[in-house]
Amino acid sequence: MDTDQVLSESEALERAAQRLEGVMDGLHSSVSGVEWIGPDADAFREQWGAVRRQGEGVVVPGLGERSRELQRHAEEQEQASSVEGEGWFGQAMDWLGETGGDIVDGIRGGVDWLGDRFSDGMDWLGDRIQDGRDFLGTAIDAIRDLEWPRVTELLVGGLTGLVRGTGDVIELLTGHDLRWADDGTGYADAPRAVTPEQSGLVAPGDLAQIIANTNQTYGDKQTGEVSMSVVGNPPTGVIVNIPGTELWGPGAGDNPMDLTGNALQAGPNGWSAGSEATADAIAQLYADHGIPPGTPLMLNGHSQGGMIAASLAANPEFAAQYNLTNVMTYGSPVDNYAVPSSVNQLNLQHGADVVPKIDLGGAALGPGGGGPEHATTITLDSPGAHPFDVGTNHSGAEYQESVAAQLQDPTSPLYAYSQDPSLQPFLKGDPDSVQHYISGVHRDHE
């Protein structure tokens, strides 16, 4: 053994332990110095405390023990036989050669790991601060514009932020991005023409058949779709059919018709990747097939699809591009959307369907609130025996049956509504006069 080299390595390990202590002290000062309070702050500092305790209680003492062990080997070498390469002297040299580099690499890795965790934590903190600013800014803007925040918008927005923050903490600890409540941006595939035999879509002769087409648009849960029917040649109307929620997990994948999209639609912004994707599908349909912008447009959706339809109608930038004349929703909580009076809006609800009621009727924290006064809301007889029968009362197929039944009764309010002149450009029962299209909708996290 070259005892000078071994003692030099021992001193290097001791210096590395001291350096690591200094790095952790500096990181701790940075974490403690951030002006941040609340449950997220407490959770982040607790997680950092666990990392620091691990470093101080295991890593640093381990480096010190390795340093002292090398010192002992050097002292024993001084006292032992000078025969090189025999007995435990050769074993000590082998050990040093095999593990010395690993120890140094481990020190570097530990320092890099701590640095990465601190950087991730600062990024997460910045994102949460920005979320808070956006949320507060939305509330201030609403009050300044004499529109008090809606109760469900605040509740859903707060819950969504909590879920997103929890996912961020998990990513911070594990390095795995679960994409909880991470909506991203939406886009659509180019619409492709389909036949009734291929798609199951029918010529929209009445409102029940329009609903049937929306129900038919529910498809593969991994790849969402919207369908569109161009009525007449040349076109007299375009109907867009938007299905509801297809995935119910907190993770946000490719299909924007999921729980995350639902939460973003019901939150303060009233907009989601599903809205963007649907708008993109419509824009491509009009551009690819030369549909005049003045052609009457009808948006129709079930549950979350109805929320998307109402959010598009309430968006001035989208509405300015088309002759949007009609919106029909069924089983949808849409009272928080400010659809303009120029749009003929019909909201269909089963009396015992709880889903349309989760917006609390558009209740606000101050004056105002409530749904658009010009909207027509028709309450249908409930197919389920009680409100707890959510599956039956919210079923798209049951809504189709209820609407078809009312349309057979000339005295019903829905029959009277169906005679409105604004609907006539869309109601064509001749299959030869209707061309159907399907467009895949997606979410992009880049």
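The values are calculated or read from the model by the stated rules, or taken from the named source; none is laboratory data. These numbers come from a predicted model, not from an experiment. Ideal geometry is used to build each Cβ from the backbone, glycine not excepted, and the neighbour counts take in all protein chains shown. For the accessible areas, the whole protein counts, side chains as well, though only heavy atoms, and no ligand, DNA or RNA atoms are used. Shrake-Rupley method; radii C 1.70, N 1.55, O 1.52, S 1.80 Å.
I291: in contact with a helix residue (DSSP H, G or I) (Cβ under 9 Å, 6 or more places away or on another chain) and not in a loop (DSSP other than H, G, I, E, B), yes or no? Don't jump to the end; show me each part of the working.
Working: in contact with a helix residue (DSSP H, G or I) (Cβ under 9 Å, 6 or more places away or on another chain): yes; not in a loop (DSSP other than H, G, I, E, B): no.
No.
Within the stretch 206-224, how many residues are of a type outside the set (A, V, I, L, M) and either modelled with pLDDT of 95 or more or in contact with a helix residue (DSSP H, G or I) (Cβ under 8 Å, 6 or more places away or on another chain) (or both)?
From the stretch 206-224, those of a type outside the set (A, V, I, L, M) are 206, 209, 213-224; that's our starting set.
Now narrow it down to the ones that are either modelled with pLDDT of 95 or more or in contact with a helix residue (DSSP H, G or I) (Cβ under 8 Å, 6 or more places away or on another chain) (or both): 206, 209, 213-218, 224.
So the answer is 9.
Would the stretch 357-378 turn up any residue that is farther than 22 Å from Q284 by Cα, open to solvent by 20 Å² or more (accessible area, probe 1.4 Å) and of a type in the set (S, T, Y)? Yes, because at least one residue in the stretch 357-378 is farther than 22 Å from Q284 by Cα, open to solvent by 20 Å² or more (accessible area, probe 1.4 Å) and of a type in the set (S, T, Y). Just to be sure before I move on: is Y337 within 30 Å of R164 (Cα to Cα) and out of contact with any strand residue (DSSP E or B) (no Cβ under 7 Å at 6 or more places or on another chain) in the structure I sent? For Y337, the condition - within 30 Å of R164 (Cα to Cα) and out of contact with any strand residue (DSSP E or B) (no Cβ under 7 Å at 6 or more places or on another chain) - is met.
One residue alone among V194, V230, V202, V226 is under 20 Å from Q265 (Cβ atoms), out of contact with any Gly (no Cβ under 7 Å at 6 or more places or on another chain) and surrounded by 15 or more Cβ atoms within 10 Å (Cβ to Cβ), and that residue is V226. Just one residue in the set Q222, Q265, Q216, Q284 is more than 22 Å from R164 (Cβ to Cβ) and under 15 Å from the mean Cα position of the chain (by Cα); that residue is Q222.
Please specify each residue of the stretch 233-245 satisfying the condition of being under 23 Å from P356 (Cβ atoms) and open to solvent by less than 10 Å² (accessible area, probe 1.4 Å). Show your work before the answer.
Just the residues of the stretch 233-245 that are under 23 Å from P356 (Cβ atoms), to begin with: 239-245.
Once the filter is applied, which keeps residues that are under 23 Å from P356 (Cβ atoms) and open to solvent by less than 10 Å² (accessible area, probe 1.4 Å), the stretch 233-245 yields I239, V240, N241, I242, P243, G244.
Every residue in the stretch 304-327 that is small (G, A, S) and in contact with a Phe, Trp or Tyr (Cβ under 8 Å, 6 or more places away or on another chain), please.
If we filter the stretch 304-327 for residues that are small (G, A, S), which is where we start, we get 305-306, 309-311, 313-314, 319-320.
G306, A310, S311, A313, A314 - these are the residues of the stretch 304-327 that are small (G, A, S) and in contact with a Phe, Trp or Tyr (Cβ under 8 Å, 6 or more places away or on another chain).
Right, G391: over 30 Å from G253 (Cα atoms) and either in contact with a Phe, Trp or Tyr (Cβ under 6 Å, 6 or more places away or on another chain) or surrounded by fewer than 18 Cβ atoms within 10 Å (Cβ to Cβ) (or both) or not? Considered against the rule, which asks whether it is over 30 Å from G253 (Cα atoms) and either in contact with a Phe, Trp or Tyr (Cβ under 6 Å, 6 or more places away or on another chain) or surrounded by fewer than 18 Cβ atoms within 10 Å (Cβ to Cβ) (or both), G391 comes out as no.
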